[in-house]
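Structure first, then comments.
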Amino acid sequence: MQPSSDQVNSLNLLLQSLHGPKLTVLAREAQKFSAYINTLAGFRITNAGFSSDQKHLGRVIVDAVLQVGHDYEKQVRPAVQRILGFSQAVTVSGFIELLQGQPLKNLINFSSEGIKEDLLSVAQFFANGKVETYDDLYTWLQLEQNRDALLTANSGLQGKVFTIGEKTADYFRVLVRHWDAVAVDRGIRGLLDGAGIISKYSKKYAYKELRSIVQLAATQHLGCRPVDLDASIYDYYVSQKPATKRRKYKSSNSKFCIYCGQQLPRVAKYCSQCGRSQS
């Protein structure tokens with residue numbers, strides 16, 4: 001879907017305010033990035049639309065919290081589908097009541113009390129800010145300053161295993177489908193690397209500069225919304241990701257991660273799937 005001229009102009013004004021003269025450099029990188037994407041076999045731009053039943057605050061919070069440190073397709077997506085089945089969780093207040101009234105395993109098939117506390121802390125943060133519905137969150141996240149307010153560094157919002165960094169703050173905007181939303185994850189970084197813009201661990205560009213490169217590639221060269229390009233890169237990343245085989249352990253010598261359920265050697269101190277300490 002192509003953005004309107006008003007949307008593009010509004011984005012350009014924001015990027016100018018964020019980057020000043022450096023925007024010219026980022027625009028050149030965006031042209032390079034879009035040219036590289038056009039060379040990728042099997043890459044196609046898809047519409048990041050969604051159905052009206054996904055206007056569900058519980059879905060947004062579960063997705064945003066669990067996507068940090070968990071396998072999306074195997075762990076996060078099933079949890080998101082489960083919470084969508086609870087109409088009470090459509091609002092922040094209903095989601096909080098549900099979490100306080102039922103074991104987490106009954107809701108999303110996770111047992112970790114740390115994750116439950118994280119879900120509650122995010123929900124309470126929104127409640128304190130008078131964000132009750134999906135539409136409230138969509139409106140609140142229109143402003144860059146509110147997106148920045150989500151960051152743990154600014155909000156102090158930090159749970160047992162979850163903090164909100166730059167990518168996750170933008171991921172909330174992706175989840176409510178802001179047209180210009182981009183969350184710079186490993187898939188995007190991998191393509192930026194392939195395009196010769198950054199190396200894997202490069203600090204040449206700050207996070208928001210990388211985000212702007214992708215936004216400009218979408219609006220100036222690929223004729224799509226940034227949120228569509230974000231979704232398309234994720235689809236491409238998943239399609240290119242080689243299937244991994246789980247190592248099997250004898251039951252007498254194994255245990256399961258207390259956070260994500262991954263089977264581990266009994267002596268493991270950290271989970272090979274989510275990386276969290278087992279002590």
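The values are calculated or read from the model by the stated rules, or taken from the named source; none is laboratory data. Being a predicted model, the structure only gives us computed values, none of them experimental. Ideal geometry is used to build each Cβ from the backbone, glycine not excepted, and the neighbour counts take in all protein chains shown.
Here are the numbers for the structure shown:
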| read-out | value |
| --- | --- |
| Some residue of region 69-81 being over 19 Å from the mean Cα position of the chain (by Cα), part of a helix (DSSP H, G or I) and among the hydroxyl-bearing types (S, T, Y) | no |
| Every pair of residues 6+ apart whose Cβ atoms lie under 7 Å, when the first sits in region 1-20 and is in a loop (DSSP other than H, G, I, E, B) while the second is surrounded by fewer than 13 Cβ atoms within 10 Å (Cβ to Cβ) | M1/N47 |
| Complete set of residues in region 118-140 that are over 19 Å from D170 (Cα atoms) and under 19 Å from the mean Cα position of the chain (by Cα) | L120 |
| Residue within region 50-73 that is surrounded by 13 or more Cβ atoms within 10 Å (Cβ to Cβ), free of Cβ contacts under 8 Å to residues at least 24 places away in the same chain and under 26 Å from Y237 (Cα atoms) present | yes |
| Which numbered condition L151 misses (of (1) within 16 Å of the chain's Cα centre (by Cα); (2) buried (at least 18 other Cβ atoms within 10 Å of the Cβ)) | (2) |
| Listing of helices (runs of 4 or more DSSP H) fully contained in region 160-279 that carry 2 or more residues being at pLDDT 95 or above and touching a Leu at 6+ places or on another chain (Cβ under 7 Å) | 166-175, 207-216, 226-240 |
| Test: L157 is crowded, with 22+ Cβ neighbours inside 10 Å and either closer than 21 Å to I83 by Cβ or among the hydroxyl-bearing types (S, T, Y) (or both) | no |
| Residue match in region 162-174 (condition: farther than 17 Å from L57 by Cβ, surrounded by fewer than 21 Cβ atoms within 10 Å (Cβ to Cβ) and basic (K, R)) | yes |
| Positions within region 1-22 being crowded, with 17+ Cβ neighbours inside 10 Å and either over 15 Å from P226 (Cβ atoms) or of a type in the set (F, W, Y) (or both), in sequence order | H19 |
